[in-house]
Amino acid sequence: MARPRTFDEVAVVESAAELFARRGFDAVSIDDLVGHLGVHRHSLYRTFGSKRGLYLRALRAARKQSLVAIAAADDPLRILCAAVVSEGIGSLDLLLMAAIEQGAADPEVAAEVTGAFAELDAVTAALGDGTLSTATLLGLRLRARAGDDVARIADEFTGRTQTDR
């Protein structure tokens with residue numbers, strides 16, 4: 001008889017998503033996951049099947065989390081800008097990393113990323129005048145990851161779009 005699970009599956013998926021977002025799928029080993037998550041190797045395999053299984057769960061959870069955060073926001077533009085400058089929606093990093101690293105090689109990852117980008121496209125299109133796009137958000141996030149001071153750019157952008165309405 002199998003022992004009962006002693007870890008919070010949702011917390012493990014979220015923590016794995018952060019690790020994958022920072023380092024990418026290929027740079028994270030099972031040993032890295034075991035050490036970072038504090039879950040035994042056997043438990044990871046039994047629960048998620050494989051590293052890829054955990055990765056897909058993390059990607060799907062991050063996609064859902066970002067949409068819930070945006071949908072629940074009084075000011076979606078502010079939430080999106082926070083995601084750009086401070087990882088307010090950490091899924092942007094995971095989506096970027098997944099698109100770059102795994103999207104071309106894994107059709108399931110590509111479908112998740114494409115779906116998430118389409119959902120972000122719908123959100124940005126609903127915000128107004130067409131000056132905000134998913135491509136702009138992702139480009140600014142890449143600049144932020146590279147160390148650029150995009151907080152100022154995002155503040156200027158948010159101020160401009162708020163006054164243009």
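Each value in this text was obtained by applying a stated rule to the coordinates, not by laboratory testing. A quick note: this is a predicted structure, and the numbers were derived from the prediction, not measured.
Annotations
- 3J(HN,Hα) along region 47-52: 7, 10, x, 6, 4, 4 Hz, from the Karplus curve 6.51 cos²θ - 1.76 cosθ + 1.60 with θ = phi - 60°, whole Hz, x for Gly and Pro.
- Across region 36-42, computed HN-Hα scalar couplings (Karplus, 6.51 cos²θ - 1.76 cosθ + 1.60, θ = phi - 60°) run 6, 8, x, 10, 5, 3, 4 Hz from first to last residue, x flagging Gly and Pro.
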